[in-house]
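To keep things clear, I will list the structure first and then write my remarks on it.
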Amino acid sequence: MNIVFRKCKKCGNVIWSFNDTNVSCCNEEMSIIKSNEVDASFEKHVPQYDINDNKITIRVNHVMEDNHYIMWIMMVTDNEIYYKGFEPGQTPEVTFDYKGKCTLYSYCNLHSLWSNKVE
Ligand SMILES: [Fe+2]
């Protein structure tokens, strides 16, 4: 499914929705954010994956420091969304049941949204 990510220009809150309806936060319209568009290391942000025994393990090769870390990983299939949030110091890795074709997303607090398609 197609989902749209938005970020608040004031507080930095990130949300997702299914459509392009205007959404506001802090009394302002939110900016739409696209994946893989920030000038930062692709290898350190794009979610990587392995599929074994109908499980998909998703990881991001990124530091998890207090001021620079992966905030969440998301797996979006045709009709389901799986999400795991992370704190600094944790390992940005998660295993879900593998559901076939999907898009993987990761979100860095400094370098925004990244994605990888699983065909
Ligand atoms: Fe980063």
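The values are calculated or read from the model by the stated rules, or taken from the named source; none is laboratory data. If you're wondering where the values come from, they're calculated on a predicted model, not measured in any experiment. FYI the Cβ positions are ideal-geometry reconstructions off the backbone, even for glycines, and counts take in every protein chain you see. To get the accessible areas, we keep the full protein, side chains included, count just its heavy atoms, and leave off ligands, DNA and RNA. Shrake-Rupley method; radii C 1.70, N 1.55, O 1.52, S 1.80 Å.
Listed values, structure above:
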quantity: Fraction of accessible area attributable to carbon and sulfur, the chain (%, probe 1.4 Å); calculated: 42 percent
quantity: Selection from Ser112, Gly85, Asn2 lying farthest towards where the dipole of the chain points positive, charges on Cβ; calculated: Asn2
quantity: Order by protection proxy (mean Cβ within 10 Å, highest first), peptides 12-18, 69-75, 30-36; calculated: 69-75, 30-36, 12-18
quantity: Separation of the Asn27 and Phe42 label points, Cα + 7 Å toward Cβ, nm; calculated: 4.3 nm
quantity: Long pairs among Lys10/Lys99; Lys34/Lys101; Lys7/Lys117; Lys44/Lys99; Lys7/Lys101, criterion Cα-Cα beyond 31 Å; calculated: Lys10/Lys99
quantity: The chain - accessible surface per residue (Å², probe 1.4 Å); calculated: 59 Å²
quantity: Accessible area (Å², 1.4 Å probe, nearest 10) - Cys102; calculated: 10 Å²
quantity: Cα-based radius of gyration of the range 23-88 once divided by 2.2 N^0.38 Å, which approximates compact folds; calculated: 1.35
quantity: Cα point-scatterer Debye curve for the chain, base-10 log of I(q)/I(0) at q = 0.10, 0.11, 0.18, 0.22 Å⁻¹; calculated: -0.30, -0.36, -0.95, -1.31
quantity: Inter-part distance where the range 89-107 and the range 1-78 are each reduced to a Cα centre, Å; calculated: 11 Å
quantity: Area accessible to solvent at Lys55, 1.4 Å probe radius, in Å²; calculated: 90 Å²
